[in-house]
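Note sheet for the following structure.
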Amino acid sequence: MRRMDLPPVEGSLLSYVGPAEREHLLAIGVRRHFADGDPLLRQGDPSDHVLLLLAGWVRVSAIDADGQEMLIALRGPGDLIGELAALHGWHRTANVEALTRVDVVQLLRPQFVECVHAYPEIAIGLVKQMSARLREVQTILAEINSLDVNRRVAKYVLHLAGRHGTPGPDGITLGMPLSQQDIAARVGASLRSVARTLADLRRLGIVGTDRKRIVVRRPADLRSYVGTMPDGTQ
């Protein structure tokens, strides 16, 4: 029997379903592996399957009519990807690329649709995952309209640290590789502006950065920088 490699991330499909439904999803699909940089899904391709992430991280992005790339999200263990295109029979609406080694279970569209009909908890979990993602998009739009670049960058780093960070002696290390270009695409800013903000945060000793690695050294000071409440309310 297949088992989940890592605990599901908050807001993912597998974080909302019980053990029986989880085991069923893992049992009926085909296990696949991708290396860092491999494409999992391509924007514009036909849809005939969904992918359930078991380990590793992927970046979801889309190219707009002007040829500009927009980072939509980072997805990790427990997340289901490709579900909207599969449910509706659409072509893929985004590109999905591995940021690390990624392990998935692939379910063909008929298998996935049958699961949604046969298991109410999976259907409800799918709705909850979609709702969490819609709220994420609404938050992004609100931040772009209300916060300056510095605070958008800091708030995104704080968000990732809170949801996917690992505490350690040096601070909270983000659980996925993240480039400055990824941050720029996510917060709607130029690469130069993001680099300048991270340089300011490094100078203040609030964060540490390495190649695609960010450590939040002083979370409380980062909250103050963003202007959030002490309990993390945003």
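The values are calculated or read from the model by the stated rules, or taken from the named source; none is laboratory data. All values reported here derive from a predicted model rather than from experimental measurement. Cβ placement follows ideal geometry from the backbone for every residue including glycine, while neighbour counts extend to all protein chains displayed. Protein only, heavy atoms only, side chains kept; ligands, DNA and RNA dropped before computing areas. Shrake-Rupley method; radii C 1.70, N 1.55, O 1.52, S 1.80 Å.
If r is the Cβ-Cβ distance from Trp90 to Val137 and R0 is 25 Å, what FRET efficiency results, to the nearest 0.05?
After rounding, the FRET efficiency stands at 0.90.
Taking the highest mean first, how do the peptides 173-180, 34-41 order by number of other beta carbon atoms within 10 angstrom per residue?
Ranking, from highest mean packing down: 173-180, 34-41.
Quick check for you: with a 1.4 Å probe and neighbouring chains kept, what is the accessible area per residue of the chain, in Å²?
Accessible area per residue, the chain: 50 Å².
Note the direction-averaged projected area, equal to a quarter of the hull surface, for the Cα convex hull of the chain, in nm².
For the chain, the mean projected area of the Cα convex hull comes to 13.1 nm².
How much of the accessible area of the chain, in percent, comes from carbon and sulfur atoms when a 1.4 Å probe is used? Kindly include the intermediate steps, with their values, before the conclusion.
Working: 6200 of 11750 Å².
C and S fraction of accessible area: 53 percent.
State to the nearest 20 debye the size of the charge dipole of the chain about its Cα centre, where the only charges are +1 on K and R beta carbons and -1 on D and E beta carbons.
Working: 29 positive and 26 negative charges, 136 e Å.
About 660 debye.
Taking the Cα centre as origin and putting +1 on Lys and Arg beta-carbons and -1 on Asp and Glu beta-carbons, what dipole magnitude results for the stretch 137-234, to the nearest 20 debye?
In total the dipole reaches around 240 debye.
Efficiency by 1/(1 + (r/R0)^6): what FRET value for Asn145 and Glu10, r their Cβ-Cβ distance, R0 = 30 Å, to the nearest 0.05? Show your work: numbers first, answer last.
On the way: r = 25 Å, r/R0 = 0.84.
About 0.75, to the nearest 0.05.
For the chain, modelled as a GNM with alpha-carbon contacts under 10 angstrom, which of His49, His88, His24 fluctuates the most?
So, out of His49, His88, His24, the one fluctuating most is His88.
What ranking do 181-191, 64-74 get when scored by the average of other Cβ atoms within 10 Å per residue, highest first?
Highest mean packing first, the order is 181-191, 64-74.
R0 = 45 Å: FRET efficiency of Ser179 with Asp48, Cβ-based, nearest 0.05?
Between Ser179 and Asp48 the formula returns 0.90.
Taking 0.36 nm per intervening residue step and subtracting the Cα-Cα distance, what contour gain separates Asp36 from Val113 on full extension? Walk me through the intermediate numbers first.
Numbers: separation 77, 0.36 × 77 = 27.72 nm, distance 2.94 nm.
That pair, Asp36 and Val113, stretches by 24.8 nm at full extension.
What number, in percent, do you get for the relative contact order of the chain if the mean sequence gap of Cα pairs under 8 Å and at least 6 apart is divided by its residue count?
19 percent
How many nm is it between the label spots at Glu23 and Asp103, if each spot is 7 Å from the Cα in line with the beta carbon?
Placing both labels 7 Å along Cα→Cβ, they lie 1.8 nm apart.
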